[in-house]
Amino acid sequence: MVAFNKLSQYGLGFQIKVINSLLKNKKFILTIRDTITPNYFDNQAHQWLIQTTLSYFDKYHATPTLETLQVEVKKIENDVLKTSVIEQLKEAFLVANDDNEYVEEEFSNFCKNQQLKGALLQSVDLLQSGMYDDIRTIIDNALKAGQDKNIGHEYSKDIETRYRDEMRNTVPTPWDLINELLGGGLGNGDFGLIFGNPGGGKSWTLVALGAWAVRLGYNVVHYTLELSEGYVGKRYDAYFANKPVNLISNFRTEVESEIAKLPGTLTIKEYPPGKATISTLQSHIQKLTDLDNKPDLVLIDYVDLLRSKRLSKERKEEIDDIYIATKGLAREINVPVWSVSQVNRAGAKDDVIEGDKAAGSYDKIMITDFALSLSRKRQDKVNGTGRFHIMKNRYGMDGMTYFAKIDTATGHIDIDEEPMDEDGMDNPSSRPPNSPFNNGVNNDEKKYLSNFMKLKIE
C-alpha cells in the first residue's frame, strides 16, 4: 500500500502546476519537450492542454497565449470535455507559480513515476502470458524515464572529446581488409549485416567473427534462432581446432586444448524462431552484465527470426521494426552487433549480390552501419569459393567486391585484399605471384593452399 501511495504523490495539483510552467516558461518546455507526453497526465482535460500546447510549440516555437487556447477550446465538439478544459485552463493560469523551480526539479521524478504506474498496469497482462523478459524491459524503461537531460554534443565546446581514442572503440574482424574499411573493426553501437543465400556460409561467417573476438580476449554472446546451442558450439569447436565439424567428436582432446587457451568468453543462447524479441535479448544481456560477463560483441543468427512487438498485416513493417530495434539495441548497450539476412530468389542467382536483392526490405541496409553480401553459387560451394561485396560502409568506401576462399567444414575464411573488376570477375593479374588466390599453383603452393585458411593468429 505504501508503494502505491508513493506512486500517487504527483497528483492533479502537481500536474496543473506542470501545465502552468509549460505555459509561462519557454525554457522549461525546451528542456522537457522530448520527455513529456500527454499520457503522463491523469485528467483528460490536462491531456488536451498538454497536447495542444506541444503542437503549438512544435509549429510556432512559442508557448500559446490564453487567447490562443480559448480559440482552440471552441473547436472541441465534446461539451463535457470542453467544460472541463475551460475550468482547468482557468486554474492553470491562476495557480501561483512561486514554486516553479520545485516543479522543474521534480519533473524527472514525475515522468518516472507516471511511466512506472503505466508499466505496472501493462505488466498484469504480460504476467498472465508468462512474458517475464518483456516485463523486466518495460520496468527498466520506466525507471529511465525523464533522465535524459543531456542537450547533446556542443560542437564549439566539446572539441577535445571528438579526438579521444575511446570515442569509437572497435572489435576487429578476422580480416585485415574489413578492419581497414571500418577503421579497425565494427564499432561500439554499430550494426553490421551480412546478406547471403541459404546454405551460403552466413552462419559460418558469424562464427568466424565470434571466434576471432574470443581469441582476442573479448566477451561474445551468440544468439541462435535457427540452429541448436549444441550444434553452434560444435561449429566453434571445429573453428578453434581447425577440424571438420562433421568429425569434431573425434577430436575432443584438441578442442579442449584450444578452449583452454582462449582469453575471452563465449555464451551461446538459443531461442525458438519467432518467440524472442529485442526486449528478450536486452533482458538476457542484462543478466550477463549482472554476472560480470557483459558482452563486448553480440551476434544474432538471425534478426529476421525475431518477433516484432508491432503487429501489422504487412510483414515488411514488422521486419523494419525489428531492424530498427536491433540498431537501437546496439546503441543502448554500446557494443557492436552483427547479424545475417537472406537474399531474394533473384539474388541467389547473381555472381555478386547487390543491395536491391535483400529479402523483404531494402530498408534493412539503410538501417545498418555496415552491410556486405556473400554470394556463392553451386560451383562456388564445390570449389570452396565465394565473393564478398561491400554494400554499405558508413565509415569509408563501399561498392567493391572481393574474392574469398571459404571452408564450410571448419569455418575458416580468407578474403583477397585485391578487389575484383567492376563486373565481379576475378583479376589474378593484379595479385603478387605467390598469392594463395592465384590459379595454376605448383606443388609447393598446393601445400600452402591446404593451410591458407588457418587464421594469422594461429
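The values are calculated or read from the model by the stated rules, or taken from the named source; none is laboratory data. Since the structure is predicted, the reported quantities are computational estimates derived from the model, not experimental observations. Cβ atoms come from the backbone with ideal geometry, glycine included; neighbour counts cover every protein chain shown.
Here is how the numbers come out for the structure above:
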| item | result |
| --- | --- |
| Output for segment 244-258, where each listed residue is surrounded by fewer than 15 Cβ atoms within 10 Å (Cβ to Cβ) and touching a residue at least 40 places away in the same chain (Cβ under 8 Å) | P244, N246 |
| Test result for K261, in contact with a Phe, Trp or Tyr (Cβ under 8 Å, 6 or more places away or on another chain), in the same structural domain as L225 (by TED's automatic domain parsing), charged (D, E, K, R) and surrounded by fewer than 20 Cβ atoms within 10 Å (Cβ to Cβ) | no |
| Extreme residue, modelled with the lowest pLDDT, among residues of segment 334-349 that are crowded, with 20+ Cβ neighbours inside 10 Å and under 25 Å from Y218 (Cα atoms) | S341 |
| Test: residue in segment 283-292 that is touching a helix residue (DSSP H, G or I) at 6+ places or on another chain (Cβ under 8 Å), in contact (Cβ under 8 Å) with a residue 24 or more places away in the chain and under 23 Å from V207 (Cβ atoms) | yes |
| Segment 288-303 - residue that is at pLDDT 90 or above and in a helix (DSSP H, G or I) and, of those, surrounded by the fewest Cβ atoms within 10 Å (Cβ to Cβ) | T289 |
| Tally of residues being among the small types (G, A, S), closer than 16 Å to W212 by Cα and assigned to a helix (DSSP H, G or I) across segment 230-266 | 4 |
| Where V221 falls short, out of the listed (1) buried (at least 22 other Cβ atoms within 10 Å of the Cβ); (2) in a helix (DSSP H, G or I) | (2) |
| The one condition in (1) within 20 Å of L266 (Cα to Cα); (2) at pLDDT below 95 that L182 fails to fulfil | (1) |
| Residue in segment 393-417 that is farthest from T368 (Cα to Cα), counting only those that are of a type in the set (A, V, I, L, M) and part of a strand (DSSP E or B) | I406 |
| Any chance D42 is under 20 Å from K112 (Cβ atoms), among the charged types (D, E, K, R) and touching a residue at least 60 places away in the same chain (Cβ under 8 Å) | no |
| Any hit, segment 265-276, residues being on the phi > 0 side of the Ramachandran plot and not hydrophobic (A, V, I, L, M, F, W, C) | yes |
| Unique residue being in contact with a Lys or Arg (Cβ under 8 Å, 6 or more places away or on another chain) and aliphatic (A, V, I, L, M) when the list is A276, A260 | A276 |
| So T277, is it polar (S, T, N, Q), closer than 25 Å to L372 by Cα, surrounded by 22 or more Cβ atoms within 10 Å (Cβ to Cβ) and in the same structural domain as V337 (by TED's automatic domain parsing) | no |
| Some residue of segment 308-317 being modelled with pLDDT of 85 or more and surrounded by 14 or more Cβ atoms within 10 Å (Cβ to Cβ) | no |
| Residue list for segment 281-324, restricted to those being β-branched (V, I, T) and closer than 16 Å to Y271 by Cα | I285, V298, I300, V303, I322 |
| Flag for T289 being under 18 Å from E229 (Cβ atoms) and not basic (K, R) | no |
